[in-house]
Each structure stands twice: as C-alpha cells, then as structure tokens.
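J.: Encoded as structure tokens, here's the structure I'll be asking about.
Every number here is computed from the coordinates shown, using simple stated rules; none is lab data. Since this is a predicted model, take the numbers as computed values, not measurements. Here the Cβ is made from the backbone with ideal geometry for all residues, glycine too, and neighbour counts use every protein chain on show.
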Amino acid sequence: MTRDRDPAGRPRNARPRDALGRPLDRSASEAGQARVPDDLAITGPDAARLADQLLREGRPFHAHEVLEAAWKSAPPGERDLWQGLAQIAVGLTHARRGNARGAVALLRRGAQRVRAHQDQPEPPGPERDHPHGMDIPAVLAAADDLAAQIERHGLDDLPAADLTPRLLARP
C-alpha cells in the first residue's frame, strides 16, 4: 500500500478521521471530521479562539492540531506555551479514547511546559496569565485537577465538563 504524500513528497495521512482523530477506513461512508491543514498558518488570537471552540465541542484532537500549528509558527518566546497547550489537548484526547495512563502523562507534561513558559523572565502583566485572551491559570488548574481525578478514580464517571475545558477567559 502506498502512503499519502503532500505536493513536496512528505508523508501525510489523508484518511478521514472521527471526532477523536482516529483514522476511519478509506471506504467508510462517514464523511469524518474536517481536517486541519498540515500547513495551517494561524495567528495567536485566531488559534486561541479556534482551539477553544474545538475543545468546547469535545474535539480535543482537532484543537491539538490547531495548537500545534500555532506552536510551529509562534515566536520563540511563545513556543513552550503553544506546545504545552497542544500536549494538554492530546491528554484530553487520550482521556476521551479511554487511555488513562496517556491522559495523565500528557496533561501533566503539557501543564509543566506551560508553567515553564510562565516562568520565563518577562514583564508581569495581563498578557502573562491571559495571552491572546486565554485563561492560563484556569487551563492549568483544569489540567492538574483532571490528571489527579483520573489517577484517583480512573476514567469512569468523569463529568463531561471536565473533558471540555475552556481555553479563553470568559468575557
């Protein structure tokens, strides 16, 4: 079987995916979820808004793709922020797919990377805790709480709200 390739010849998986990012059979009659383009170029505020929407829709895999695109195009001082947020989204994906160990590992790793970003020497101010309108303290608290809850009780009976955190600060 030949691999899907982009115009430059790099391997790409063009198979349709379900809401949690799992590849569907090529012959599946389901249309699958719209894919985030591999070459997406997106600004910080747009990435924050779109990822927030996808998280609230219960599509953390797709939010991860948006956050990864932001990470790849972000200025060097923001890359830890975006990479950590992408890892948190992957942790949510693992939780929704039933992988408790993967969920805890990625939630914790992502939160640690976001905290590393916050620990960088920069002037304090509203952008530190709310870059691009995101509520970073709330995101970190949600990731920490969810990881601890999964460690204590597993994935059974998790409230849906715990798996659909907000990324943006509430107006």
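A quick yes/no check of all residues on (1) touching a residue at least 40 places away in the same chain (Cβ under 8 Å); (2) farther than 18 Å from Ala103 by Cβ; (3) under 11 Å from the mean Cα position of the chain (by Cα):
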residue	(1), (2), (3)
Asp46	no, yes, no
His62	yes, no, yes
Ala74	no, yes, no
Leu85	yes, no, yes
Ala89	no, no, yes
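J.: Suppose the filter is touching an Asp or Glu at 6+ places or on another chain (Cβ under 9 Å) and under 22 Å from Asp46 (Cβ atoms); does His117 pass it?
T.: yes
J.: State whether the residues of region 147-159 include one that is more than 20 Å from the chain's Cα centre (by Cα), surrounded by fewer than 17 Cβ atoms within 10 Å (Cβ to Cβ), of a type in the set (Asp, Glu) and part of a helix (DSSP H, G or I).
T.: Yes, the conditions are met somewhere in region 147-159.
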